[in-house]
Every structure is written in C-alpha cells, then in structure tokens.
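Structure first, then comments.
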Amino acid sequence: MIIAHLSDLHLDEGPRAEDRVAAVMAWLGGLARPIDAVVVTGDIADHGAAAEYARAAELLKHPAPVLVCPGNHDDRAEFRTGLLNQPPSAEPIDFAREVGGVLFAMCDSTIPGSGAGFLADSTLAWLDETLAGGDGPAFVAFHHPPVEVGVPLVDGIRQTGEERLAAVLRRHPRVVALLAGHVHTGASTTFAGVPLRIAPGVVSQSLLPVEPGADRGWAEGGPLDYERPPSLLLHVLHDDGRVTSHHRVVG
C-alpha cells in the first residue's frame, strides 16, 4: 500500500495556495502506479470559510479515497458541510475508513478558538473502540503532533494531554504509524513507541532555529519560508507492518 500524506494547504481563495495544491495533486496523478489513499492532516482552509472548502473539494478530487481531518484553521461546521457532505455541527470530527484491509482513524485534535491541540475524551473513547474492532494494520491521523519537534513556532501549540493517547495506543499494537501535520515541515519521530510521521506544509515550510531567517518577526513573514516548493510524504506500508516514508518535493 502507498499512501500520499499532505498537510497545511491553507486555501484562502487566492491563486498561490490553489496553484500549489493543484501541482501536488497533478504530480500524484502522474505517478506510474496509482496510490491507494490520500490523507490530508488539517488546515485545509485558511479562514474556515465555505468558499475555501468548496474549492478544496474540487482540488482534492482523486481516484483513490481522500481522507481528511481538521486543523486549527478549520471550522468544524463548514468542514463537515463542504468536505464530508454532512449537516453542520460543532462536535469533534472523528471518522474511520478501511481501505484495502487497512484502517484509517481520522481524529479531531482541534480546540475551537485556539491554535493548540487536544483530543477530547469522546474522541479518545471513539478511537479506543474503533481500534478494538479488528486486528489489521491501522493508521491514526490528527493535525497536532503530541510531542515537541524542535520548531518553537508550533511546539507551543502542540497537542497536550498526550498521556491519554499513549494509554490508548498501548492497548492496540495494530497501529503502525501516527500521521500529523501542523509543523509545516517534514519530520519523523516516535510517540508511545509508535512511528510519528509529520507531513510538510503544502503552503509553506517552517524554519528550524538554526536556519537563516528563523528569527524573523511576523511583520517580516515570520519563521516561515514561502519560496520553497510544496512537498508531501509518500508512506509505503510493507507486508511485515513496517512503514517507510519518502519525502517528495513538487517543483
């Protein structure tokens, strides 16, 4: 199985973000072998507006299943209406789908009105029950990583309450990897003994403190690089349960 992992599209009705998303989707469409799923880990819209989700629904069309979860820039009600064809609701957006015998549990780590992340008790209870429903390989996806990753911009608004998530994961060794976004840079680490793969931003790339420009203030564009081309991760799920992740830049 090959999974395309995108994050942080920040569609804002402007041409720049749209062109970058379109370029990534066109690149996926030109692969010699079709991918099996597209996972998008949040911040699909920049302002949570209905028009942004309408455009996202058009741009993200793909023959493979496209699985999405919200980020801190998204609006739950508009997200549900524009991307999931569901009635508007302010409740957490949690859903699961099985693709080719592999479970994808898409979790809502957002806190309405905040940039930080937290998995609600209801989300964790749903995740625990969902993972208990089988023993095949499973991916768990959310926007906010539950650990610090060395990028101060997002470490201050990461997912907290992570010990609760760790307890759920320890009960379900079927989880082969966690998929996240939010950081605007491709990164790989572990959490609770499970691989944690963070997709780079499609709209921009964040700078580590050691990189030139990382000390820029927000008036100067902040510690983000808008000139680097969009990129994504391709995850390969092997028969033995290992996940190999490849970082690809779309020129």
Within region 181-206, residues free of Cβ contacts under 8 Å to residues at least 60 places away in the same chain, open to solvent by 20 Å² or more (accessible area, probe 1.4 Å) and assigned to a loop (DSSP other than H, G, I, E, B) come out as THR185, ALA192, GLY193
Scanning region 208-232 residue by residue, the ones that are out of contact with any Ser or Thr (no Cβ under 8 Å at 6 or more places or on another chain), part of a loop (DSSP other than H, G, I, E, B) and under 18 Å from SER7 (Cα atoms) total 3
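Consider region 177-206. How many of its residues are of a type in the set (A, V, I, L, M) and touching a Leu at 6+ places or on another chain (Cβ under 7 Å)?
The number of residues fulfilling the criteria is 8.
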Being part of a strand (DSSP E or B) and either over 30 Å from GLY101 (Cβ atoms) or open to solvent by less than 70 Å² (accessible area, probe 1.4 Å) (or both) narrows HIS247, HIS235 down to just HIS235
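Quick check on my filter: what residues within region 207-232 are on the phi > 0 side of the Ramachandran plot, open to solvent by less than 10 Å² (accessible area, probe 1.4 Å) and touching a Leu at 6+ places or on another chain (Cβ under 6 Å)?
First, the residues of region 207-232 that are on the phi > 0 side of the Ramachandran plot: 213, 221-222.
Restricting the remaining residues to those that are open to solvent by less than 10 Å² (accessible area, probe 1.4 Å) gives 222.
Residues satisfying the conditions do not exist here.
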Of the residues in region 116-153, those that are farther than 21 Å from MET1 by Cβ and either basic (Lys, Arg) or within 14 Å of the chain's Cα centre (by Cα) (or both) number 5
Reported set for region 32-73 where residues are among the charged types (D, E, K, R) and farther than 21 Å from GLY113 by Cβ is ARG33, ASP36, ARG55, GLU58, LYS61
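Being crowded, with 17+ Cβ neighbours inside 10 Å, on the phi < 0 side of the Ramachandran plot and assigned to a loop (DSSP other than H, G, I, E, B) is the requirement here; does VAL176 meet it? So that I can check it myself, show each step before the final result.
Details: crowded, with 17+ Cβ neighbours inside 10 Å: yes; on the phi < 0 side of the Ramachandran plot: yes; assigned to a loop (DSSP other than H, G, I, E, B): no.
The answer is no for VAL176.
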*In this structure, does THR123 turn out to be among the hydroxyl-bearing types (Ser, Thr, Tyr) and touching a Pro at 6+ places or on another chain (Cβ under 6 Å)?*
yes
Matching residues in region 125-164 (over 25 Å from LEU207 (Cβ atoms), assigned to a loop (DSSP other than H, G, I, E, B), in contact (Cβ under 8 Å) with a residue 40 or more places away in the chain and open to solvent by less than 40 Å² (accessible area, probe 1.4 Å)) number 2
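Among GLU91, GLU98, GLU52, which is the only one that is modelled with pLDDT of 95 or more, under 19 Å from ASP19 (Cα atoms) and of a type in the set (Asp, Glu)?
GLU52
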* Just a yes or no: is a residue in region 61-68 touching a strand residue (DSSP E or B) at 6+ places or on another chain (Cβ under 8 Å) and at pLDDT below 95? -> no
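The values are calculated or read from the model by the stated rules, or taken from the named source; none is laboratory data. A quick note: this is a predicted structure, and the numbers were derived from the prediction, not measured. As a convention, Cβ positions derive from the backbone with ideal geometry for all residues, glycine included, and neighbour counts pool all protein chains shown. Areas reflect the complete protein model, heavy atoms only, side chains present, ligands, DNA and RNA absent. Shrake-Rupley method; radii C 1.70, N 1.55, O 1.52, S 1.80 Å.
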